[in-house]
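J.: Here you go, one structure.
The numbers here are math on the coordinates, done by the rules we state, and not lab data. A quick note: this is a predicted structure, and the numbers were derived from the prediction, not measured. Cβ atoms come from the backbone with ideal geometry, glycine included; neighbour counts cover every protein chain shown.
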Amino acid sequence: MKNKVGQVTVFVIVAILIVAVIGLLFVFRDNILQSDLPQELDPVYNYYLSCIEAETMNGAFILGQQGGYIEPPTFEPGSEYMPFSNQLDFLGIPVSYWYYVSGNGVVKEQIPSRSKMQAELNSYVNEGVSLCDFKQFTEQGFEIEYGEAKTSSLISQNNIDVNVNQDLSIKFGDVTWSGKNHKVDVNSRLGKFYDIAEKIYENQKETMFLENYGVDILRLYAPVDGTEISCATKLWQVNDIRENLTQALEANVPAVKIKGDYYDLSNKENEYFVQDIGEEVDVDVNFMFTRDWPVKVEVWPEEDGLLRADPVGLQEGLGILGFCYVPYHFVYDFAYPVLIQLYSGSEMFQFPVVVLVEKNQAREAADAVGLPDVVPELCNKKNAEVSVYTYDTSLNPIEAEIKFKCFDTQCSIGETESNGADAILTDNFPQCVNGFIIAKKEGYETEKYQISTTEEDEAIIIMNRLYKLGLEVQKEGSVVEDSQAVVSFSKEDGVNTVIYPDQKEVELGVGQYEIKVYVYSDSEISLRGSTTQKCVDVPKSGLLGIVGQTEKKCFDMVVPDQSVTSVVSGGGTQNYFIGESELEGARKLTLNVADFGVPTKVEDLQNNYNSIEVNRVEVLFD
C-alpha cells in the first residue's frame with residue numbers, strides 16, 4: 001500500500017509540473033515567439049523596438065523639461081495683484097509650477113505623481129509608436145501589419161521599463177512572424193531626478209530656505225528698517241529698488257547649492273548658500289532666476305512711486321538731542337520664481353516654485369490647494385445637449401474624436417460621424433462655464449473650442465491639416481552636423497520644440513509662427529567666481545542705538561567658479577506665416593541661421609544670446 005501511495009504521489013507531482021509548464025508557456029508565449037524571430041525579420045523588429053525606445057526617451061525628455069508633465073495643466077493666468085500664471089515660460093517651454101500663488105491669491109500645488117507621469121508617458125508612447133515609419137522596409141518587400149498599441153511603463157531610478165501590448169505581424173516572402181508583447185528597457189535617470197526633486201521640494205516646504213535667502217536679499221538690497229544721521233528727508237525710487245532686487249536675485253540665486261559632491265567651496269563662508277536636505281545628492285542641481293520672469297515688489301508706505309523718511313530732531317522740543325536722524329521702516333511683499341534644475345550628462349529634470357516674502361517675513365508653510373488628477377463625478381453628470389460639427393479648412397466633413405475639458409477634468413464624449421455634407425456628434429455634455437471642446441484626428445492639429453454648455457448648444461470646429469516635413473538646420477548655408485540645435489515653432493495655442501539633428505522631422509499646420517533657433521556648440525568657458533562685500537547700517541547696542549547711532553556690519557556675498565561646456569554659436573528669430581500652398585507641395589523645411597562663432601569668454605556668450613533676437617531665420621520650403 002505504501003508503494004502504491006508513493007507512486008500516486010509521484011504522478012500527482014508530475015501532473016502539477018506539467019500544468020505549471022503549460023501555464024508558463026502561455027504566459028511567456030510572446031517572448032518565446034520573439035526569441036524564435038527569423039533572422040530575415042530582425043532588421044524590422046529591431047527598428048520597431050528602437051522606435052519604442054526613441055518615443056520613450058522623447059516622452060521622458062518632455063516630462064523632465066515641463067516639470068513632470070507632457071500635457072501641462074490648463075493654463076491659468078496671473079493678475080496685476082499676483083503676476084504668476086501656473087506655468088513658467090522657460091525658453092518657450094511651459095514648465096508647470098510645483099508651488100505658486102494664483103492671480104486671486106490662492107496658494108496652489110501642481111506636483112505630478114509618479115503614476116500620473118507614467119500614465120502620460122504611456123499615452124505619448126501609444127501615439128508615437130503608431131507613427132513608426134516602416135516605409136524603408138515596405139519598399140524592400142516586407143509586409144508589416146500592426147494593431148492599436150497599449151503601453152504600460154514603470155519609471156525606476158535609472159531606467160524605464162516599457163511594455164507595449166500591440167499586435168505586430170511581419171512577413172517577407174514565405175517567412176512570417178507575429179507577436180504581441182514587446183518589452184524595452186530604456187536607460188533614463190528620470191526616476192532618480194524626480195525622487196531628488198521631491199526631497200528638495202519637501203525640504204523647501206519645511207524649512208523655507210529659499211524664502212530665508214529672499215529675506216536676506218531684501219534687507220541687503222532694499223531699505224527696510226534702520227536710521228541715518230541726517231537732517232534731510234530721505235527719498236528712494238521704488239523702480240530703483242525693484243531693479244536692485246532683480247539684479248541681486250540674478251547674482252545670488254545661482255549660488256544656492258544642495259549639499260552634495262557636485263561643487264567645491266572656495267572658502268568656509270560659502271556654506272551660507274548650501275542647503276542640507278538630509279542626504280548628499282550625486283547629481284548637479286542648479287537654481288535659476290532671470291530678469292525676464294515676473295517679480296512682485298510691493299512696499300508700504302509709498303507715495304507716487306517714492307519711499308519717504310523724514311528726519312527727527314528738528315521738531316520743537318527735541319533740540320536737546322543736538323543732532324538729527326532719519327528713522328525708516330518699510331514693509332514689503334516680495335515674490336519671484338526660482339527654477340530648480342537637476343541634470344546629469346544630457347538628461348535634466350526641472351520644476352519652478354514661487355518664493356514669497358510677506359510683510360518682510362518668509363511665508364509660513366500654509367496648506368496648498370493640490371491639483372486633482374481627475375474629478376470623475378463631473379463626467380457622470382452630462383445633462384447639456386450640444387451638437388458638434390467638424391470640418392477641414394475646405395469645409396469638407398472630418399470625423400474626429402471629441403472630448404470635453406472643464407477645469408482639470410477631461411471627459412470622453414464620442415466621435416463625429418459623416419452625414420452628407422457634415423460630420424456631426426450630438427450628445428450630452430457636462431454643464432460648465434468656459435469649458436473646452438477638444439477635437440482630435442490623426443494628421444490634423446488638435447483644436448480647442450471654448451464653450452459655456454450652460455448657454456450654448458452648438459459648436460463648429462475647423463481643423464487644420466498637419467504636414468510632416470523633413471527638417472534641416474543650416475548655419476550660414478552649411479548643414480549643422482557636429483552641433484545641436486533647439487528649434488521652437490510657437491503659435492498662439494502652443495509650442496512645438498524639435499531637438500536637431502536627433503529629430504529631423506516636424507509636423508506643421510497653417511498659421512502664424514514665431515520660429516526661434518538656438519545652435520549649440522562645444523566650448524569651455526570658465527565663469528570666474530566673485531566676492532562682493534555688502535555692508536548695512538544697524539543700530540548700535542545700548543543707549544546709542546536708542547538715539548539713532550548706527551554701526552556698519554559687513555559680510556561677503558560669494559558666487560563660486562562655474563564652467564560652461566555647451567554654448568550658443570548661432571541662431572535667430574523669425575515671425576513667419578506658413579500658408580497651405582507652401583505646405584502642400586513641400587517635402588523639406590530648411591532653416592538657415594546666422595553663425596555667431598563659438599564664444600570663448602563670458603562677454604561673447606552674452607553677445608551671442610542677445611544676437612538671437614536681432615538675427616533673422618531664413619525659411620525655405622523644398
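J.: Mind checking the dipole of the range 453-505: about its Cα centre, +1 per Lys or Arg Cβ, -1 per Asp or Glu Cβ, Debye to the nearest 20? Can you show the working numbers first?
T.: Details: 5 positive and 12 negative charges, 78 e Å.
The dipole magnitude comes to about 380 debye.
J.: Starting from the Cα coordinates of the range 376-463, work out the convex hull volume and express it per residue in Å³. Walk me through the numbers on the way to the answer.
T.: Details: hull volume 7.3 nm³, N = 88.
Considering the Cα atoms of the range 376-463, their hull volume per residue is 82 Å³.
J.: Show me 573-586, 339-352 ranked by packing, highest mean number of other Cβ atoms within 10 Å first. Each step should come with its number before you reach the end.
T.: Working: 573-586: 14.1, 339-352: 19.5.
Top of the packing list down: 339-352, 573-586.
J.: May I ask for the Rg/Rh ratio of the range 191-365, computed from Cα atoms with Rh as the Kirkwood radius, given to two decimals?
T.: Working: Rg = 20.2 Å, Rh = 18.3 Å.
Here the Rg-to-Rh quotient is 1.10.
J.: Please list 207-219, 434-446 highest first by mean number of surrounding beta-carbon atoms within 10 Å per residue.
T.: Values: 207-219: 19.5, 434-446: 17.8.
The densest-packed peptide leads the list: 207-219, 434-446.
J.: LYS403 to THR138: FRET efficiency via 1/(1 + (r/R0)^6), r the Cβ-Cβ distance, R0 25 Å, to the nearest 0.05?
T.: 0.15
J.: Also, I was wondering about something else. For the range 120-174, I need the span (max minus min coordinate) of the C-alpha atoms along each principal axis, in Å, sorted largest to smallest.
T.: Its Cα atoms span 43, 19, 18 Å along the three principal axes.
J.: If you put +1 on each Lys and Arg Cβ and -1 on each Asp and Glu Cβ, how big is the dipole of the range 191-365 around its Cα centre, in Debye rounded to 20? Before the final figure, lay out the partial values.
T.: Numbers: 14 positive and 31 negative charges, 57 e Å.
Rounded to the nearest 20 debye, it is 280 debye.
J.: Add +1 for every Lys or Arg and -1 for every Asp or Glu among the other residues with Cβ under 13 Å from the Cβ of ILE451, and state the total.
T.: Working: positive: LYS403, LYS405, LYS448; negative: GLU385, GLU447, GLU455, GLU456, ASP457, GLU458.
Overall, the nearby charge balance is -3.
J.: Sorting HIS182, HIS329 on the 10 Å Cβ count, fewest up front, what's the list?
T.: Details: HIS182 21, HIS329 13.
Going from sparsest to densest Cβ surroundings: HIS329, HIS182.
J.: Okay, moving on. Most exposed first by the Cβ proxy, i.e. fewest other Cβ within 10 Å, how do VAL619, VAL297 rank?
T.: Fewest-to-most ranking of VAL619, VAL297: VAL619, VAL297.
J.: Right, next: Name the residue farthest towards the positive end of the dipole of the range 191-365 from the options GLN361, GLY278, TYR263, assuming +1 on Cβ of Lys and Arg, -1 on Cβ of Asp and Glu, about the Cα centre.
T.: Checking the options against the dipole of the range 191-365, the answer is GLN361.
J.: Taking +1 at the Cβ of each Lys and Arg and -1 at the Cβ of each Asp and Glu, which of VAL388, ALA421, CYS411 sits farthest along the dipole of the range 376-463 towards its positive end, judged by Cα position relative to the Cα centre?
T.: CYS411
J.: Here's something else I'd like to know. Counting other beta carbons within 10 Å of each Cβ, put ASP133, ASP427, ASP304 in order, fewest first. Don't skip to the answer; put the middle values down first.
T.: Working: ASP133 11, ASP427 15, ASP304 6.
Sorted ascending by nearby Cβ count, the order is ASP304, ASP133, ASP427.
J.: Lysines near LYS205 by alpha-carbon distance under 30 Å, same-chain residues fewer than 8 away left out - which ones?
T.: LYS108, LYS116, LYS192, LYS257, LYS259, LYS268, LYS296, LYS359, LYS534
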